Amino acid sequence: MKRALAVVFYGLLAGCYFNQDSCQSGTGDAPSPIIIVPPTPTPTPTPSPTPTPDPCKPLTGLIVGGPTEAFVGDILSFDITPVSAAGRLEGKYDFCNTARIVTVERVSTNLTLSGSAGFKTSFVARAAGPFEVQFRVEVAVNPVFQGVIKVKP
């Protein structure tokens, strides 16, 4: 009799396990539900942003503006503007030039430096004839700037 009762009990238990409806209807004890947790997705690595190029470096050239004609005794003023891949380093890029030094690379004997060399460099015209000036900022050197000094009529 015990054996028959055990078979019936295990039969009900097995039926309840394989047929969940019979367990929920009250015909047997339901086993603990099995909870399946979906795996968390692996986050896709975000690419690191491309570094913004430095607009200040490297210098690719210089733009020099100034008079091509003057008279003896006049002051010739030259504007020196460094250039990089970002373009002219002036206006919003003025901060790029704070530590840069302008060097007079070449100057004719008929011009005398007035003051010190800088991004606005001036010379006094001392004698008539052709003149040449050339500037350097770091590695950038401008082409030779040429003009002529005349005698006042």
Ranked packing of 63-73, 127-137, most packed first, by mean Cβ within 10 Å = 127-137, 63-73
Dipole magnitude of region 70-153, debye to nearest 20 (Cβ charges: Lys/Arg +1, Asp/Glu -1, about Cα centre) = 140 debye
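Since every read-out is calculated from the coordinates, none of them should be taken as a lab result. Small disclaimer: the values here were computed from a predicted structure and weren't measured. Note that we place each Cβ from the backbone using ideal geometry, even for glycine, and neighbour counts take in every protein chain shown.
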